[in-house]
1. When only residues in the range 1-57 that are among the β-branched types (V, I, T) and at pLDDT below 80 count, which is farthest from R78 (Cα to Cα)?
2. Within the range 70-86, how many residues turn out to be within 18 Å of A117 (Cβ to Cβ) and assigned to a strand (DSSP E or B)?
3. Say whether the condition of being modelled with pLDDT under 80 and within 30 Å of D161 (Cβ to Cβ) is met by at least one residue in the range 83-92.
4. Within the range 197-212, track down each residue that is under 20 Å from V171 (Cβ atoms) and of a type in the set (S, T, N, Q).
5. Return the residue satisfying two criteria in turn: it lies in the range 93-107 and is in contact with a strand residue (DSSP E or B) (Cβ under 7 Å, 6 or more places away or on another chain) and either hydroxyl-bearing (S, T, Y) or outside any helix (DSSP H, G or I) (or both), and of such residues it is nearest to G126 (Cα to Cα).
6. Of the residues A101, A129, A117, only one is assigned by TED's automatic domain parsing to the domain that holds R71, among the small types (G, A, S) and at pLDDT 85 or above; which?
7. What's the total number of residues in the range 174-223 that are in a loop (DSSP other than H, G, I, E, B), at pLDDT below 75 and not polar (S, T, N, Q)?
Amino acid sequence: MDHPTKHQMLLLVKRKFYALDLSQAIDRVCDSCHTCASLQKVPTSYIEQSSDLPPEVVGVNFAADVIKQNRQLIFVLRETVTSFTAACIISNEKSQTLRDALLRLCMELHPLDGPHAVVRVDPAPGFIALREDDLLKYHLSCNYTPQGDYPSTSFWVDGSDILVEGDWTWVRDVTPLGYTDWSTGQPSYSGATKNCMEVVMTRNATWSDDNCEKMQSFICERE
């Protein structure tokens, strides 16, 4: 046998051995086998990844990344203020493929005559090659920011008062904060554009408000 299937392995082992939970043991062995994984059939259907509803505000700040799930490459675009997420399947991680996916998803959320779109990404080669891409600049008026270029001591979190000035809520479900940990003198309310919450590590990880177009990383909650 070159490489037995799970069923063939079970039949072969049963001829020579007897043990409790033998089937479960074979399942665990096969599930952790790299060769078995490589022989699995690639899904042919699109697996829906996007949020249910589009955002109700103009999309300006985005974060983009590529994830791998079920042996598929999925390009994910997150609108930072609303947390709206859109996704599409891509065939590879070349810069042209990433650019086309970014344009396809981002142009649905960003108006052609709107302000500059800010897109934050990781410093992967395919993304870095798009830094001076003419199509992105033409269609999105895009300030393209590989994340590694902007080391930061502050990080975005999910709080915002963009709907009502001074009324801070969690963006994902528009609920009141309930708990606060603002830095001294914060939120400052020193300008109508300071509508996003950040954690400032140099202030003992307390909160501050700042301009939503500020280029820095964000913290995500993993469920």
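The values are calculated or read from the model by the stated rules, or taken from the named source; none is laboratory data. Predicted model, so just to flag it, every value in this text is computed and none were measured. Using ideal geometry, Cβ is built from the backbone for each residue, glycine included, and neighbour counts are taken over all protein chains shown.
1. Among them, the one singled out is T5.
2. Total meeting the criteria: 7.
3. Taking every residue of the range 83-92 in turn, at least one turns out to be modelled with pLDDT under 80 and within 30 Å of D161 (Cβ to Cβ).
4. T206, S208, N211
5. Looking at the filtered set, the residue picked out is E93.
6. A101
7. Counting residues in the range 174-223 that are in a loop (DSSP other than H, G, I, E, B), at pLDDT below 75 and not polar (S, T, N, Q) gives 9.
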